Amino acid sequence: MVSNGTKVVVLPFNSSVEVILQDTSILGAESHPLHLHGFNFFVVGQGFGNFDPKQDTRNFNLVDPIERNTVGVPSGGWVAIRFLADNPGEWWKVDTEAMINQATLTGGGPNISDAFTINGLPGPLYNYTFKLRVKPGKTYMLRLINAALNDELFFSIANHNLIVVEADAVYVKPFKTNIVLIAPGQTTNVLLKTKNHHPNATFLMSARPYATGGATFDNSTTAGILEYNRPFKTNKLTLLKPSLPIFNDTKFAVKFNEKIRSLANSKFPAKVPQRVDRRFLFTVGLGLSPCTNPNNTCQGPNNTMLAASINNVSFVMPKTALLQAHFFNQSRGVYTADFPANPLIKFDYTGKPPANIMVNTATKVVALPYNASVEVVLQDTSIVSPESHPLHLHGFNFFVMGQGFGNFDPSKDPTKFNLVDPAERNTVGVPSGGWVAIRFLADNPGVWFMHCHLEVHTSWGLKMAWVVMDGNRRNQKLPPPPADLPKC
Ligand SMILES: [Cu+2]
(Lines give C-alpha, C1' and ligand atoms only; values in the text may rest on other atoms or scores of the structure.)
Protein backbone atom coordinates (compact mmCIF):
# COMPACT_ATOMS: atom_id res chain seq x y z
CA MET A 1 0.00 0.00 0.00
CA VAL A 2 1.20 3.55 -0.66
CA SER A 3 1.06 6.33 1.93
CA ASN A 4 -0.37 9.76 1.12
CA GLY A 5 1.33 13.10 1.66
CA THR A 6 2.43 16.42 0.17
CA LYS A 7 6.13 16.19 0.81
CA VAL A 8 8.99 18.17 -0.67
CA VAL A 9 12.79 18.11 -0.61
CA VAL A 10 14.44 21.39 0.41
CA LEU A 11 17.73 22.07 -1.39
CA PRO A 12 20.35 24.65 -0.45
CA PHE A 13 20.98 27.21 -3.18
CA ASN A 14 23.37 26.00 -5.89
CA SER A 15 23.51 22.43 -4.57
CA SER A 16 24.46 19.77 -7.06
CA VAL A 17 21.82 17.06 -7.05
CA GLU A 18 21.90 13.43 -8.19
CA VAL A 19 18.70 11.40 -8.41
CA ILE A 20 18.44 7.69 -9.25
CA LEU A 21 14.98 6.93 -10.62
CA GLN A 22 14.38 3.23 -10.04
CA ASP A 23 11.42 1.49 -11.71
CA THR A 24 9.60 -1.10 -9.60
CA SER A 25 7.82 -4.26 -10.66
CA ILE A 26 4.89 -3.59 -8.32
CA LEU A 27 1.80 -4.32 -10.49
CA GLY A 28 4.19 -4.90 -13.44
CA ALA A 29 7.34 -3.17 -14.70
CA GLU A 30 6.64 -0.12 -16.86
CA SER A 31 8.50 2.78 -18.50
CA HIS A 32 7.74 6.17 -16.86
CA PRO A 33 8.70 9.44 -18.60
CA LEU A 34 9.69 11.63 -15.60
CA HIS A 35 9.64 15.41 -16.08
CA LEU A 36 11.43 18.03 -13.93
CA HIS A 37 10.28 21.67 -13.83
CA GLY A 38 12.71 24.56 -13.43
CA PHE A 39 15.90 22.83 -14.50
CA ASN A 40 17.51 20.87 -17.26
CA PHE A 41 19.28 17.78 -16.00
CA PHE A 42 21.98 15.54 -17.41
CA VAL A 43 21.25 11.84 -17.95
CA VAL A 44 24.50 10.37 -16.63
CA GLY A 45 23.57 6.70 -16.74
CA GLN A 46 20.89 4.03 -17.05
CA GLY A 47 20.55 0.28 -16.82
CA PHE A 48 18.30 -2.73 -16.20
CA GLY A 49 17.52 -4.39 -12.89
CA ASN A 50 18.33 -2.67 -9.60
CA PHE A 51 20.75 0.27 -9.47
CA ASP A 52 24.10 -0.75 -7.91
CA PRO A 53 25.71 2.31 -6.25
CA LYS A 54 29.18 0.72 -6.41
CA GLN A 55 29.33 -0.73 -9.92
CA ASP A 56 26.99 1.52 -11.89
CA THR A 57 28.41 4.89 -10.83
CA ARG A 58 31.75 3.88 -12.44
CA ASN A 59 30.08 3.84 -15.83
CA PHE A 60 28.44 7.27 -15.50
CA ASN A 61 28.98 9.54 -18.49
CA LEU A 62 30.36 12.75 -16.99
CA VAL A 63 31.71 14.06 -20.31
CA ASP A 64 28.90 14.49 -22.83
CA PRO A 65 25.66 13.20 -21.28
CA ILE A 66 22.41 14.34 -22.91
CA GLU A 67 20.77 17.40 -21.32
CA ARG A 68 16.97 17.13 -21.02
CA ASN A 69 13.97 17.98 -18.84
CA THR A 70 12.12 14.66 -19.35
CA VAL A 71 13.59 11.18 -19.33
CA GLY A 72 12.11 7.68 -19.62
CA VAL A 73 12.83 5.47 -16.63
CA PRO A 74 13.56 2.12 -18.38
CA SER A 75 10.91 -0.54 -17.78
CA GLY A 76 12.41 -2.78 -15.08
CA GLY A 77 15.48 -0.56 -14.80
CA TRP A 78 16.85 2.76 -13.56
CA VAL A 79 18.16 6.06 -14.80
CA ALA A 80 20.51 8.52 -13.05
CA ILE A 81 20.18 12.30 -13.51
CA ARG A 82 22.18 15.26 -12.17
CA PHE A 83 21.27 18.95 -12.02
CA LEU A 84 22.40 22.19 -10.40
CA ALA A 85 19.77 24.05 -8.33
CA ASP A 86 20.78 27.50 -9.61
CA ASN A 87 17.91 29.54 -11.03
CA PRO A 88 16.13 31.74 -8.44
CA GLY A 89 16.04 35.51 -8.98
CA GLU A 90 15.50 36.29 -5.34
CA TRP A 91 16.77 33.79 -2.85
CA TRP A 92 15.36 32.49 0.45
CA LYS A 93 17.11 30.04 2.74
CA VAL A 94 13.74 28.56 3.69
CA ASP A 95 11.08 26.53 1.91
CA THR A 96 9.24 29.32 0.05
CA GLU A 97 5.95 27.37 -0.09
CA ALA A 98 5.89 26.99 3.70
CA MET A 99 6.78 30.67 4.03
CA ILE A 100 3.90 31.93 1.86
CA ASN A 101 1.45 29.53 3.54
CA GLN A 102 2.45 30.91 6.94
CA ALA A 103 2.09 34.53 5.73
CA THR A 104 -1.32 33.80 4.21
CA LEU A 105 -2.52 32.25 7.46
CA THR A 106 -1.44 35.10 9.74
CA GLY A 107 -1.99 38.03 7.35
CA GLY A 108 1.50 39.38 7.92
CA GLY A 109 4.17 40.14 5.35
CA PRO A 110 6.09 37.10 4.11
CA ASN A 111 9.73 36.78 5.22
CA ILE A 112 12.07 38.99 3.27
CA SER A 113 14.55 37.21 1.01
CA ASP A 114 18.11 36.42 2.10
CA ALA A 115 19.78 37.60 -1.07
CA PHE A 116 19.28 38.85 -4.60
CA THR A 117 20.99 37.12 -7.49
CA ILE A 118 22.46 37.98 -10.87
CA ASN A 119 21.95 35.11 -13.31
CA GLY A 120 21.18 32.90 -10.34
CA LEU A 121 24.31 33.82 -8.38
CA PRO A 122 24.17 35.88 -5.16
CA GLY A 123 27.62 37.47 -5.45
CA PRO A 124 30.99 37.69 -3.69
CA LEU A 125 29.55 37.50 -0.15
CA TYR A 126 28.43 33.95 -0.94
CA ASN A 127 31.33 32.87 -3.18
CA TYR A 128 29.03 32.40 -6.16
CA THR A 129 29.52 35.34 -8.50
CA PHE A 130 28.33 35.87 -12.04
CA LYS A 131 31.20 37.02 -14.28
CA LEU A 132 30.73 38.80 -17.58
CA ARG A 133 33.92 38.64 -19.65
CA VAL A 134 34.26 41.32 -22.30
CA LYS A 135 36.80 42.59 -24.86
CA PRO A 136 37.84 46.24 -25.12
CA GLY A 137 36.33 48.48 -27.80
CA LYS A 138 33.15 46.48 -28.32
CA THR A 139 29.43 47.06 -27.84
CA TYR A 140 27.49 44.42 -25.93
CA MET A 141 23.74 44.16 -25.54
CA LEU A 142 22.61 43.16 -22.06
CA ARG A 143 19.10 41.83 -21.66
CA LEU A 144 17.97 42.83 -18.18
CA ILE A 145 15.06 40.96 -16.61
CA ASN A 146 13.91 41.59 -13.05
CA ALA A 147 13.31 38.04 -11.83
CA ALA A 148 12.81 39.04 -8.19
CA LEU A 149 9.42 38.46 -6.58
CA ASN A 150 8.87 41.44 -4.32
CA ASP A 151 11.40 44.10 -5.23
CA GLU A 152 12.02 46.71 -7.88
CA LEU A 153 15.78 46.92 -8.46
CA PHE A 154 18.38 49.56 -9.26
CA PHE A 155 21.19 48.20 -11.46
CA SER A 156 24.53 49.74 -12.33
CA ILE A 157 28.01 48.81 -13.59
CA ALA A 158 30.97 50.69 -12.12
CA ASN A 159 32.56 53.27 -14.47
CA HIS A 160 30.41 52.29 -17.45
CA ASN A 161 27.44 53.99 -19.04
CA LEU A 162 24.51 52.04 -20.35
CA ILE A 163 22.35 53.05 -23.32
CA VAL A 164 18.73 52.00 -22.89
CA VAL A 165 17.31 50.98 -26.29
CA GLU A 166 14.28 48.84 -25.49
CA ALA A 167 11.71 48.32 -22.75
CA ASP A 168 9.11 45.52 -22.51
CA ALA A 169 9.96 44.39 -26.08
CA VAL A 170 9.38 47.82 -27.68
CA TYR A 171 12.17 50.08 -29.01
CA VAL A 172 12.68 53.33 -27.10
CA LYS A 173 14.51 56.53 -27.96
CA PRO A 174 18.04 55.60 -26.88
CA PHE A 175 19.27 57.39 -23.77
CA LYS A 176 22.39 57.17 -21.69
CA THR A 177 22.34 56.40 -17.97
CA ASN A 178 24.63 54.83 -15.44
CA ILE A 179 21.73 53.43 -13.38
CA VAL A 180 18.72 51.44 -14.58
CA LEU A 181 15.55 50.93 -12.55
CA ILE A 182 13.67 47.76 -13.36
CA ALA A 183 10.53 46.37 -11.73
CA PRO A 184 9.42 42.74 -11.49
CA GLY A 185 7.68 41.97 -14.78
CA GLN A 186 9.75 44.48 -16.72
CA THR A 187 12.49 43.71 -19.23
CA THR A 188 14.89 46.11 -20.86
CA ASN A 189 17.78 45.91 -23.32
CA VAL A 190 20.79 48.13 -22.75
CA LEU A 191 23.97 48.62 -24.76
CA LEU A 192 27.27 48.44 -22.94
CA LYS A 193 30.23 50.05 -24.72
CA THR A 194 33.46 48.70 -23.29
CA LYS A 195 36.60 50.82 -22.79
CA ASN A 196 38.89 51.12 -25.80
CA HIS A 197 41.93 49.84 -23.91
CA HIS A 198 42.41 47.24 -21.20
CA PRO A 199 41.62 49.08 -17.97
CA ASN A 200 43.67 48.23 -14.89
CA ALA A 201 40.53 47.30 -13.04
CA THR A 202 37.60 44.96 -12.78
CA PHE A 203 34.11 46.38 -12.31
CA LEU A 204 31.29 45.34 -10.05
CA MET A 205 27.77 45.29 -11.50
CA SER A 206 25.36 45.68 -8.63
CA ALA A 207 21.64 45.56 -7.98
CA ARG A 208 19.66 46.49 -4.91
CA PRO A 209 16.05 47.32 -4.19
CA TYR A 210 14.03 50.45 -4.69
CA ALA A 211 11.61 50.09 -1.75
CA THR A 212 9.02 52.63 -0.66
CA GLY A 213 6.47 50.80 1.51
CA GLY A 214 6.43 50.73 5.29
CA ALA A 215 7.35 47.06 5.62
CA THR A 216 10.82 45.64 6.12
CA PHE A 217 12.57 44.59 2.91
CA ASP A 218 15.72 42.79 1.85
CA ASN A 219 18.15 45.72 1.93
CA SER A 220 21.06 43.69 0.57
CA THR A 221 23.08 44.31 -2.59
CA THR A 222 23.94 41.61 -5.09
CA ALA A 223 26.93 41.88 -7.37
CA GLY A 224 28.43 40.34 -10.45
CA ILE A 225 31.76 41.18 -12.05
CA LEU A 226 32.56 42.76 -15.42
CA GLU A 227 35.98 41.50 -16.38
CA TYR A 228 38.08 42.43 -19.42
CA ASN A 229 39.85 39.62 -21.23
CA ARG A 230 43.55 40.18 -20.67
CA PRO A 231 46.33 39.18 -23.03
CA PHE A 232 48.62 38.49 -20.03
CA LYS A 233 48.14 37.83 -16.32
CA THR A 234 48.22 40.71 -13.87
CA ASN A 235 47.39 40.50 -10.21
CA LYS A 236 47.11 44.20 -9.44
CA LEU A 237 43.60 44.93 -10.62
CA THR A 238 41.53 47.42 -8.66
CA LEU A 239 37.93 46.43 -8.04
CA LEU A 240 35.64 49.39 -8.71
CA LYS A 241 32.13 49.59 -7.27
CA PRO A 242 29.15 51.49 -8.68
CA SER A 243 27.10 53.78 -6.48
CA LEU A 244 23.38 53.16 -6.42
CA PRO A 245 20.59 55.52 -5.29
CA ILE A 246 19.29 55.37 -1.74
CA PHE A 247 16.61 52.65 -1.31
CA ASN A 248 13.61 55.05 -1.38
CA ASP A 249 14.79 57.44 -4.09
CA THR A 250 11.38 58.06 -5.70
CA LYS A 251 12.67 61.19 -7.45
CA PHE A 252 15.17 59.07 -9.35
CA ALA A 253 12.48 56.48 -10.12
CA VAL A 254 10.06 59.01 -11.59
CA LYS A 255 12.81 60.80 -13.56
CA PHE A 256 14.09 57.52 -14.97
CA ASN A 257 10.62 56.45 -16.07
CA GLU A 258 10.07 59.84 -17.73
CA LYS A 259 13.12 59.23 -19.93
CA ILE A 260 11.51 56.17 -21.50
CA ARG A 261 9.90 57.34 -24.77
CA SER A 262 8.70 55.36 -27.77
CA LEU A 263 10.96 55.46 -30.80
CA ALA A 264 7.92 56.79 -32.71
CA ASN A 265 9.46 56.99 -36.19
CA SER A 266 8.03 55.93 -39.55
CA LYS A 267 9.37 52.40 -39.23
CA PHE A 268 8.30 51.98 -35.59
CA PRO A 269 5.34 54.32 -35.12
CA ALA A 270 3.68 54.85 -31.74
CA LYS A 271 -0.02 54.12 -32.22
CA VAL A 272 -1.14 56.24 -29.28
CA PRO A 273 -4.94 56.20 -28.86
CA GLN A 274 -5.98 59.83 -29.46
CA ARG A 275 -9.65 59.37 -28.55
CA VAL A 276 -10.91 57.71 -25.32
CA ASP A 277 -14.15 55.68 -25.13
CA ARG A 278 -13.97 54.55 -21.52
CA ARG A 279 -12.29 56.35 -18.61
CA PHE A 280 -11.35 54.77 -15.30
CA LEU A 281 -9.80 55.98 -12.06
CA PHE A 282 -8.42 53.07 -10.04
CA THR A 283 -6.98 53.55 -6.57
CA VAL A 284 -4.25 50.98 -5.90
CA GLY A 285 -2.81 50.24 -2.51
CA LEU A 286 -2.99 48.34 0.72
CA GLY A 287 -5.78 47.89 3.24
CA LEU A 288 -6.84 45.53 5.99
CA SER A 289 -9.24 42.63 6.31
CA PRO A 290 -10.63 40.83 9.39
CA CYS A 291 -8.54 38.07 10.95
CA THR A 292 -9.59 34.62 9.69
CA ASN A 293 -6.84 32.65 11.39
CA PRO A 294 -8.51 29.76 13.34
CA ASN A 295 -6.78 30.75 16.59
CA ASN A 296 -7.58 34.44 15.96
CA THR A 297 -4.03 35.77 16.08
CA CYS A 298 -3.10 37.87 13.07
CA GLN A 299 -0.04 39.98 12.33
CA GLY A 300 -1.66 43.02 10.66
CA PRO A 301 -2.36 46.20 12.73
CA ASN A 302 -4.89 45.59 15.58
CA ASN A 303 -5.04 41.85 14.92
CA THR A 304 -6.11 42.26 11.27
CA MET A 305 -4.73 40.75 8.09
CA LEU A 306 -2.90 42.89 5.53
CA ALA A 307 -4.75 43.11 2.24
CA ALA A 308 -4.47 45.02 -1.02
CA SER A 309 -7.08 46.25 -3.45
CA ILE A 310 -8.02 48.22 -6.56
CA ASN A 311 -10.87 50.68 -5.87
CA ASN A 312 -11.16 48.95 -2.51
CA VAL A 313 -12.04 45.59 -4.13
CA SER A 314 -9.60 42.93 -3.02
CA PHE A 315 -9.74 40.31 -5.77
CA VAL A 316 -10.75 36.78 -4.78
CA MET A 317 -9.42 34.06 -7.09
CA PRO A 318 -12.35 32.11 -8.62
CA LYS A 319 -12.60 28.31 -8.56
CA THR A 320 -13.59 28.28 -12.25
CA ALA A 321 -11.30 29.98 -14.77
CA LEU A 322 -12.67 33.41 -15.75
CA LEU A 323 -11.94 32.77 -19.43
CA GLN A 324 -13.88 29.50 -19.35
CA ALA A 325 -16.85 31.10 -17.53
CA HIS A 326 -16.87 33.96 -20.05
CA PHE A 327 -16.62 31.78 -23.14
CA PHE A 328 -19.46 29.49 -22.07
CA ASN A 329 -21.63 32.38 -20.80
CA GLN A 330 -21.56 30.89 -17.31
CA SER A 331 -20.36 33.79 -15.21
CA ARG A 332 -23.01 33.30 -12.51
CA GLY A 333 -21.32 32.29 -9.28
CA VAL A 334 -17.86 32.89 -10.83
CA TYR A 335 -17.63 36.67 -11.36
CA THR A 336 -19.73 39.82 -11.67
CA ALA A 337 -19.10 42.53 -14.30
CA ASP A 338 -19.64 45.45 -11.90
CA PHE A 339 -16.07 46.38 -11.03
CA PRO A 340 -16.26 50.09 -10.03
CA ALA A 341 -14.98 52.50 -12.70
CA ASN A 342 -14.16 55.02 -9.98
CA PRO A 343 -13.57 54.83 -6.22
CA LEU A 344 -16.94 54.39 -4.47
CA ILE A 345 -15.81 56.63 -1.63
CA LYS A 346 -13.79 59.69 -2.59
CA PHE A 347 -11.08 60.83 -0.17
CA ASP A 348 -7.68 62.52 -0.19
CA TYR A 349 -5.98 59.45 -1.71
CA THR A 350 -2.41 60.45 -0.96
CA GLY A 351 -3.19 62.42 2.20
CA LYS A 352 -4.58 61.31 5.56
CA PRO A 353 -6.23 57.89 5.09
CA PRO A 354 -9.93 57.44 6.00
CA ALA A 355 -10.85 55.98 9.39
CA ASN A 356 -12.18 52.69 8.00
CA ILE A 357 -9.55 51.10 5.80
CA MET A 358 -11.06 47.63 5.55
CA VAL A 359 -11.19 46.24 1.98
CA ASN A 360 -14.16 44.54 0.28
CA THR A 361 -13.54 41.10 -1.17
CA ALA A 362 -15.10 40.01 -4.49
CA THR A 363 -14.39 38.62 -7.95
CA LYS A 364 -15.35 41.58 -10.12
CA VAL A 365 -14.39 42.42 -13.71
CA VAL A 366 -14.89 45.28 -16.18
CA ALA A 367 -16.54 44.27 -19.47
CA LEU A 368 -15.27 46.22 -22.49
CA PRO A 369 -16.72 46.30 -26.01
CA TYR A 370 -14.34 45.14 -28.73
CA ASN A 371 -11.91 47.88 -29.85
CA ALA A 372 -12.80 50.28 -27.02
CA SER A 373 -10.12 52.86 -26.37
CA VAL A 374 -9.47 52.75 -22.64
CA GLU A 375 -7.82 55.24 -20.30
CA VAL A 376 -6.96 54.20 -16.76
CA VAL A 377 -5.52 56.50 -14.12
CA LEU A 378 -3.78 54.37 -11.51
CA GLN A 379 -3.78 56.34 -8.27
CA ASP A 380 -1.60 55.24 -5.35
CA THR A 381 -3.12 55.56 -1.87
CA SER A 382 -1.47 56.26 1.47
CA ILE A 383 -3.59 53.60 3.20
CA VAL A 384 -1.16 51.70 5.45
CA SER A 385 1.58 53.58 3.56
CA PRO A 386 2.21 55.08 0.11
CA GLU A 387 4.16 52.71 -2.08
CA SER A 388 5.33 52.21 -5.66
CA HIS A 389 3.30 49.46 -7.37
CA PRO A 390 4.53 47.99 -10.67
CA LEU A 391 1.18 47.40 -12.41
CA HIS A 392 1.19 44.75 -15.13
CA LEU A 393 -1.48 44.28 -17.81
CA HIS A 394 -1.93 40.99 -19.65
CA GLY A 395 -3.00 40.82 -23.27
CA PHE A 396 -2.03 44.37 -24.36
CA ASN A 397 0.70 46.92 -24.52
CA PHE A 398 -0.35 50.27 -23.10
CA PHE A 399 0.97 53.80 -23.48
CA VAL A 400 2.16 55.75 -20.43
CA MET A 401 0.41 59.07 -21.03
CA GLY A 402 1.54 60.92 -17.94
CA GLN A 403 2.44 60.68 -14.28
CA GLY A 404 2.61 62.91 -11.25
CA PHE A 405 2.67 63.21 -7.48
CA GLY A 406 -0.34 63.65 -5.19
CA ASN A 407 -3.89 63.18 -6.42
CA PHE A 408 -4.72 63.08 -10.12
CA ASP A 409 -6.47 66.28 -11.24
CA PRO A 410 -8.87 65.44 -14.11
CA SER A 411 -9.08 69.07 -15.26
CA LYS A 412 -5.38 69.99 -15.27
CA ASP A 413 -3.30 66.82 -15.63
CA PRO A 414 -4.62 65.50 -18.99
CA THR A 415 -3.48 68.71 -20.70
CA LYS A 416 0.09 67.56 -20.02
CA PHE A 417 -0.36 64.05 -21.45
CA ASN A 418 2.18 62.92 -24.03
CA LEU A 419 0.17 62.09 -27.17
CA VAL A 420 3.25 61.82 -29.40
CA ASP A 421 5.91 59.43 -28.11
CA PRO A 422 4.84 57.98 -24.72
CA ALA A 423 6.49 54.76 -23.51
CA GLU A 424 4.72 51.63 -24.77
CA ARG A 425 4.97 48.90 -22.16
CA ASN A 426 3.13 46.16 -20.29
CA THR A 427 4.32 47.02 -16.75
CA VAL A 428 4.59 50.48 -15.22
CA GLY A 429 5.41 51.72 -11.74
CA VAL A 430 2.62 53.73 -10.10
CA PRO A 431 4.69 56.44 -8.41
CA SER A 432 4.77 56.20 -4.61
CA GLY A 433 2.29 58.83 -3.42
CA GLY A 434 1.33 59.67 -7.01
CA TRP A 435 -0.49 58.51 -10.14
CA VAL A 436 0.17 57.29 -13.66
CA ALA A 437 -2.24 57.40 -16.64
CA ILE A 438 -2.23 54.67 -19.29
CA ARG A 439 -4.18 54.06 -22.51
CA PHE A 440 -4.76 50.87 -24.44
CA LEU A 441 -6.95 49.67 -27.29
CA ALA A 442 -9.10 46.69 -26.27
CA ASP A 443 -8.64 44.81 -29.54
CA ASN A 444 -7.81 41.40 -28.04
CA PRO A 445 -10.98 39.47 -27.05
CA GLY A 446 -10.77 37.40 -23.86
CA VAL A 447 -10.22 37.86 -20.14
CA TRP A 448 -7.09 39.70 -19.07
CA PHE A 449 -5.60 40.19 -15.63
CA MET A 450 -4.16 43.47 -14.45
CA HIS A 451 -2.18 43.21 -11.23
CA CYS A 452 0.62 44.57 -9.11
CA HIS A 453 3.79 42.66 -10.01
CA LEU A 454 5.00 42.60 -6.41
CA GLU A 455 4.05 39.01 -5.61
CA VAL A 456 3.10 39.89 -2.06
CA HIS A 457 0.58 42.54 -3.19
CA THR A 458 -0.92 40.29 -5.85
CA SER A 459 -1.53 37.55 -3.30
CA TRP A 460 -3.16 40.16 -1.02
CA GLY A 461 -5.66 40.93 -3.82
CA LEU A 462 -4.18 43.87 -5.77
CA LYS A 463 -5.57 42.66 -9.10
CA MET A 464 -8.64 42.78 -11.33
CA ALA A 465 -9.60 41.51 -14.78
CA TRP A 466 -10.90 43.00 -18.04
CA VAL A 467 -13.38 41.00 -20.13
CA VAL A 468 -13.00 42.11 -23.74
CA MET A 469 -16.03 41.12 -25.84
CA ASP A 470 -15.88 39.70 -29.36
CA GLY A 471 -15.96 41.94 -32.42
CA ASN A 472 -18.27 41.33 -35.39
CA ARG A 473 -15.71 39.90 -37.81
CA ARG A 474 -14.57 36.30 -37.72
CA ASN A 475 -10.99 37.20 -36.79
CA GLN A 476 -12.23 39.33 -33.86
CA LYS A 477 -13.63 36.45 -31.82
CA LEU A 478 -12.27 34.50 -28.89
CA PRO A 479 -11.35 31.03 -30.20
CA PRO A 480 -12.95 28.06 -28.39
CA PRO A 481 -10.95 26.10 -25.83
CA PRO A 482 -9.07 23.03 -27.07
CA ALA A 483 -11.11 19.81 -27.39
CA ASP A 484 -9.17 18.24 -24.51
CA LEU A 485 -9.98 20.98 -21.96
CA PRO A 486 -10.56 19.06 -18.71
CA LYS A 487 -14.30 18.94 -17.95
CA CYS A 488 -14.15 18.51 -14.17
CU1 LIG B 1 1.93 46.62 -5.23
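The values are calculated or read from the model by the stated rules, or taken from the named source; none is laboratory data. As the structure is a computational prediction, the values presented were derived from the model and not from experiment. A quick note on method: Cβ atoms are made from the backbone with ideal geometry, for glycine too, and the neighbour counts reach across all protein chains shown.
Just a few scattered comments:
- From Gln324, Gln330, Gln379, Gln403, residue being touching a residue at least 24 places away in the same chain (Cβ under 8 Å) and either touching a Leu at 6+ places or on another chain (Cβ under 7 Å) or in a loop (DSSP other than H, G, I, E, B) (or both): Gln379
- Subset of the stretch 279-312 (residues that are assigned to a strand (DSSP E or B), among the hydrophobic types (A, V, I, L, M, F, W, C) and farther than 30 Å from Pro414 by Cβ): Leu288, Met305, Leu306, Ala307
- Candidates Leu191, Leu181: the one that is closer than 24 Å to Lys251 by Cβ, crowded, with 16+ Cβ neighbours inside 10 Å and of a type in the set (A, V, I, L, M, F, W, C) is Leu181.
- Candidates Tyr349, Tyr335 - the one that is at pLDDT 95 or above, within 30 Å of Pro486 (Cα to Cα), within 27 Å of the chain's Cα centre (by Cα) and aromatic (Phe, Trp, Tyr): Tyr335
- Take the conditions (1) farther than 23 Å from Gln274 by Cβ; (2) modelled with pLDDT of 95 or more; (3) assigned by TED's automatic domain parsing to the domain that holds Phe347; Phe399 misses just one of them, which is (1).
- Of the strands (runs of 3 or more DSSP E) entirely within the stretch 55-138, those holding at least 3 residues that are under 21 Å from Phe41 (Cβ atoms) occupy 66-68, 70-73, 77-84.
- Count of residues meeting criterion [basic (Lys, Arg) and farther than 30 Å from Gly351 by Cβ] in the stretch 262-288: 3
- For the stretch 139-211, the strands (runs of 3 or more DSSP E) that sit wholly inside it and include 1 or more residues that are of a type in the set (Ser, Thr, Tyr) are 139-145, 152-157, 170-177, 187-193, 201-210.
- On the stretch given as the stretch 139-165, residues that are touching a Gly at 6+ places or on another chain (Cβ under 7 Å) and surrounded by fewer than 22 Cβ atoms within 10 Å (Cβ to Cβ) total 1.
- Tally of residues being within 16 Å of Val284 (Cβ to Cβ) and assigned to a strand (DSSP E or B) across the stretch 339-360: 1
- Segments classed as strands (runs of 3 or more DSSP E), wholly inside the stretch 425-471, with at least 1 members that are modelled with pLDDT of 95 or more and within 22 Å of Tyr335 (Cα to Cα): 434-442, 446-452, 463-468
Residue-by-condition table, conditions (1) hydrophobic (A, V, I, L, M, F, W, C); (2) within 16 Å of the ligand (Cβ to nearest atom); (3) under 22 Å from Pro340 (Cβ atoms); (4) not assigned by TED's automatic domain parsing to the domain that holds Lys346:
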site: Leu378; (1), (2), (3), (4): yes, yes, yes, no
site: Gly395; (1), (2), (3), (4): no, no, yes, no
site: Pro414; (1), (2), (3), (4): no, no, yes, no
site: Gly429; (1), (2), (3), (4): no, yes, no, no
site: Gly434; (1), (2), (3), (4): no, yes, yes, no
site: Val447; (1), (2), (3), (4): yes, no, yes, no
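- Subset of the stretch 451-467 [closer than 19 Å to Arg425 by Cα and either of a type outside the set (A, V, I, L, M) or more than 12 Å from the ligand (Cβ to nearest atom) (or both)]: His451, Cys452, His453, Lys463, Met464, Ala465, Trp466
- Answer residue from the stretch 214-247, given it is within 20 Å of the chain's Cα centre (by Cα), outside any strand (DSSP E or B) and not charged (D, E, K, R) and is farthest from Gly120 (Cα to Cα) among those: Ala215
- Of the criteria (1) away from the ligand (no atom under 16 Å from the Cβ); (2) in contact (Cβ under 8 Å) with a residue 12 or more places away in the chain; (3) surrounded by fewer than 21 Cβ atoms within 10 Å (Cβ to Cβ), which one Val374 fails: (3)
- Residues that are within 37 Å of the chain's Cα centre (by Cα) and surrounded by 12 or more Cβ atoms within 10 Å (Cβ to Cβ) within the stretch 23-39 comprise His32, Leu34, Leu36, Phe39, listed in sequence order.
- Single condition Asn50 does not satisfy, out of (1) outside any loop (DSSP other than H, G, I, E, B); (2) modelled with pLDDT of 80 or more: (1)
- Enumeration of residues in the stretch 170-189 that are of a type in the set (A, V, I, L, M) and more than 19 Å from Asn265 (Cβ to Cβ): Ile179, Val180, Leu181, Ile182, Ala183
- Thr283 being of a type in the set (S, T, N, Q), crowded, with 17+ Cβ neighbours inside 10 Å and within 16 Å of the ligand (Cβ to nearest atom): yes
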